[in-house]
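Below is one structure, written out as C-alpha cells; comments come after it.
Values quoted throughout were computed directly from the atomic coordinates according to the rules given, and no laboratory measurement underlies them. Model, not experiment: these values are computed from the prediction. Quick reminder, even Gly has a Cβ in these numbers, built from the backbone with ideal geometry, and neighbours come from all protein chains shown.
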Amino acid sequence: MSEIERRHQLLVLGIFLAIYARLVFLTYTIFRGAMLEMAGCALPTTTSPDDWVFALISAAFVVVIYGLAGLAGFWFARKLGRPGIYRVGAGWKELFWLPLLIGVVVGVLLVLGDRLFMWAGDLPPLPHPGLPFSLVASASAGIGEEIIFRGFVMGLWAFLLNLVLRRWRMTHLALWIANIIAALAFAAGHLPTVLVLYGASSPAELPGLLVAEIFVLNAIVSLAAGWRYMTSGLVAAIGIHFWADIVWHVIWPLV
C-alpha cells in the first residue's frame with residue numbers, strides 16, 4: 001500500500017468518525033426523547049443546556065476513543081495483510097452492492113430467527129426504535145460497532161493468534177477464530193441494552209431462550225460482517241451491518 005493509498009484510507013475512516021460523532025450528538029439532543037421512551041424512562045419536556053453539553057462531550061469522546069480504536073484496527077489489518085478500511089481497487093459492487101445484498105439477507109434471517117425464538121419459547125417480540133430514530137440508530141450501530149468489534153477486537157485477536165499460527169501459515173485460521181471471538185463479544189455487548197429494555201438487573205433474570213436469541217441473532221450479523229471485513233475491509237462490514245439493521249429495525253417494524 002502506497003503512502004497516498006494509506007492517506008486515502010485514513011481519510012475515509014475520518015469521514016466515518018465525523019458521521020458517527022454527528023449521529024451521537026443528534027441522539028442525545030433531537031432524539032433523546034425517543035431513546036428514553038424506548039428504555040421506558042420518563043420523557044423530558046425540554047432539552048436543557050446540560051443536555052447539549054453532554055451531547056458535545058459524547059461526540060468528542062467518539063472522535064477520540066473510536067478514532068484510536070480505528071487507527072489500531074487499521075494497523076492490525078496492515079500487519080495481517082488485510083484491506084483495512086477498504087480494499088484498494090475495489091469498486092461499487094464490492095463496497096456497496098454486495099454489502100447491501102448480504103445485509104438484506106442477514107436482516108431477513110434476523111426477522112425469521114426472531115419469529116422462531118418467539119414461537120419456541122413464547123417470548124415477547126424484541127423492541128425496535130421508532131422512525132426516524134431507527135435510521136439514526138442503524139447508522140450509528142453500523143459505524144461505531146464495526147470500528148470497535150471488527151476493526152479493533154477482531155483485529156487484535158487475529159494479530160495475537162497469528163503470532164502463534166503464522167509459523168504454520170495459518171493466518172486465515174487466526175482470522176476466523178478472531179471473527180468468532182469478536183462475534184461473541186459483539187453479542188455480549190448487547191446484553192446491557194437488553195437488561196435495560198426488559199427492566200432486569202442481571203442476565204440471570206432474563207429467560208434463557210431470550211439470551212440465546214440475543215447471541216444467535218447478533219452472531220449472524222457479526223460473522224457476516226467479519227467475513228467481508230477480511231476480504232473487503234471496514235467499509236463493507238459497515239455496509240452489511242447498516243443494511244441488516246435497516247431491514248430489522250426500520251422495514252420489519254413497519255411491516
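From helices alone, the chain scores -22000 deg cm²/dmol at 222 nm; the rule is -39500 (n - 2.57) for each run of n ≥ 4 DSSP H residues, then divide by the residue total. Each of the peptides 237-243, 140-146 was scored by the mean count of other Cβ atoms within 10 Å over its residues; in descending order, highest first, they stand as 237-243, 140-146.
Across the chain, Cα pairs under 8 Å and at least six residues apart give a relative contact order of 29 percent.
Determine the sum of side-chain charges near Leu123: Lys and Arg each +1, Asp and Glu each -1, restricted to other residues whose C-beta is under 14 angstrom from that of Leu123.
-2
Projecting the alpha carbon convex hull of region 65-222 along each direction and taking the average yields 11.3 nm². Other residues whose C-beta falls under 13 angstrom from the C-beta of Ala139 contribute a net charge of -2, scoring Lys and Arg +1 and Asp and Glu -1.
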